[in-house]
Amino acid sequence: MTPVIQFHNEGPMPREVYLDANATHPILRSVRESMAQLLLSDGGELANPSSPHAKGREARKLLNTLKKEFLTFLKRPADENVVLTSGATESINMVIRGLVDSEKTHQRKLVFWTTSVEHAAVLSTLASVDATIEILKVDSMGQIPALEWQRFFSWIEKSSDDLCLSLQVANNETGIVFDLLPILHQLQKITLDSNRKRWIHLDMAQSLGKLSEDYLSQLMDLAQFASFSAHKMGAPSGIGALWCKQLGCFKPMITGGGQEEGLRSGTWNALGAFGFLKALEDWKIHGEKYRLHLSQLRLLALDRLQKLPGFKLHGPLEAAANLCLPNTLNFSFQNTDTDTLIPSLDMAGFQVSGTSACSSGASKSSHVILALGFSDREAKNSIRMSLGVESQLQDVEAFCDFLASKVR
Ligand code: PLP
């Protein structure tokens, strides 16, 4: 019998090579297996964790286990707070909008300090609230130079306003990791007037798993809030977390049924929480091996690509320990437009992001690549390869071969 729909009738489809893990990491195999097993088992459906019956209590227990495991994973004390959200965008909004609201109520003035290379979740949210914003510039290595930090520290000395320093730990486009520990230590040594508030929020959307837990925990020692996204580490989309050292410093953004101590109303995503928990369990066992695998593949790709004509790396050449994500490369080619290159990569089965793509489909230069001092052309033509832990050597080789055939 002839099938109704014929696939691949013009020869075999190319093998799919997914190199866009910073957008969404493919759900880990172990997570998919656990979720499938749960969903297909009798009684595997999850109830509303707010419900008073046994099934509700079971779902509630799952959330508590996730929060406990999340803190253990990050080597944090068990009495710190984890608010489950839909992802990093929501967590970031919660902190920014919540602090602005709270400051208004107390008739205080809050100044946000952030950087020019933050994700839109931070920059657009800050642009939409009624607060003063100071932007720290970055240098060509993607780091915040000493002069900019001097400007920041001299503002602290002169001003009596409250402060929220909101910084990403790792950049989603370039993979550059800010060298934050020395600065946050320096900041901690400054004593402010007793009534003056100082908050530090870290955007860790790209950091969970990809950077060592010891490192993240050291940063969290020096901060009050951190935002996380589970789909960047191989859990399903639609779940994330806001870590808060203390509760009670900001007003809730979403009101309703009073879930999460009234901080985030709305029915919990219990199935997402299950997937998040399984992803954490997987990374807890394999994290170190994953990071090594990713950095080896990244270096191999870099070694191959930098031999191609017109190659320009947007980021540091050497991935110094903890100053670069192990899975990300951002680059452009002098004589090649991403408007043609990305579709041809896509047709050949390679899924990567061009940072120029915006929701309207029109080309737009990446604000991150521009902030590093690259030209508009380079910013428009940047390609981001972001590896996932299940990426294979042959995927990277095929990608480099394909690019070689296109740019030569
Ligand atoms: N912050 C950074 C650095 C990101 O890379 C992203 C997503 O790409 C976000 C925030 C937003 O995360 P989410 O997709 O979970 O809302």
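The values are calculated or read from the model by the stated rules, or taken from the named source; none is laboratory data. If you're wondering where the values come from, they're calculated on a predicted model, not measured in any experiment. Note that each Cβ is placed from the backbone with ideal geometry, even for glycine, and that neighbours are counted across all protein chains shown. What goes into the accessible areas is simple: the full protein's heavy atoms, side chains included, and nothing from ligands, DNA or RNA. Shrake-Rupley method; radii C 1.70, N 1.55, O 1.52, S 1.80 Å.
Couple of notes before you dig in:
- With contacts taken as Cα pairs under 8 Å and at least 6 residues apart, the chain reaches a relative contact order of 23 percent.
- Label-to-label distance, PHE153 versus ASN335, with points set 7 angstrom from Cα along the beta-carbon direction: 4.9 nm.
- Straight-line cross-link partners of LYS245 among the lysines, defined as a Cα under 21 Å from its Cα and at least 8 positions apart when in the same chain: LYS67, LYS68, LYS75, LYS189, LYS197.
- Taking all pairs of distinct alpha-carbon atoms in the stretch 126-200, Kirkwood radius in angstrom: 13.8 Å
- Residue-level accessible surface for ILE135, protein heavy atoms, 1.4 Å, Å²: 70 Å²
- Sparse-neighbour loop sites [trypsin sites (Lys or Arg not before Pro); the stretch 219-287; at most 14 other C-beta within 10 Å; DSSP]: none
- Each residue was assigned an accessible area with a 1.4 Å probe, and for CYS249 the value is about 30 Å².
- q = 0.16 Å⁻¹: log10 I(q)/I(0) that the Debye formula gives for the stretch 1-149, counting C-alpha atoms only: -1.17
- Spin-label pair LYS75/LYS284, simplified geometry with 7 Å Cα→Cβ offset, distance in nm: 1.6 nm
- With one equal scatterer per alpha carbon and no solvent term, the Debye-computed log10 I(q)/I(0) for the chain at 0.14 1/Å reads -1.31.
- When its C-alpha radius of gyration is set against 2.2 N^0.38 Å (N residues), the stretch 74-187 gives a value of 1.12.
- The length gained on full extension between HIS53 and ARG15, counted as 0.36 nm times the residue separation minus their Cα-Cα distance, comes to 8.9 nm.
- Pairwise centroid distance, computed over Cα atoms, of the stretch 121-139 with the stretch 195-266, Å: 18 Å
- D_trans [Stokes-Einstein, Kirkwood Rh over alpha-carbon pairs] for the stretch 241-381, 37 °C, 0.692 mPa s, µm² s⁻¹: 173 µm²/s
- With only Cα atoms counted, the stretch 192-267 has Rg and Dmax values of 14.4, 44 Å.
- Grouping the Cα pair distances of the stretch 67-115 into 5 Å bins from zero gives a pair-distance distribution of 5, 16, 17, 18, 19, 15, 8, 2 percent in increasing distance order.
- Mean separation of Cα contacts under 8 Å, 6 or more apart, over the residue count of the stretch 192-238: relative contact order %: 45 percent
- Helix-only arithmetic for the chain: the sum of -39500 (n - 2.57) across DSSP H runs with n ≥ 4, divided by the residue total, places the mean residue ellipticity at 222 nm at -12500 deg cm²/dmol.
- Computed extension length for SER124-LEU313: 65.3 nm, one decimal, from 0.36 nm per residue of separation with the Cα-Cα distance subtracted.
- Placing a pseudo-label 7 Å from each Cα along the Cα-to-Cβ vector at THR191 and GLU397 gives an inter-label distance of 6.3 nm.
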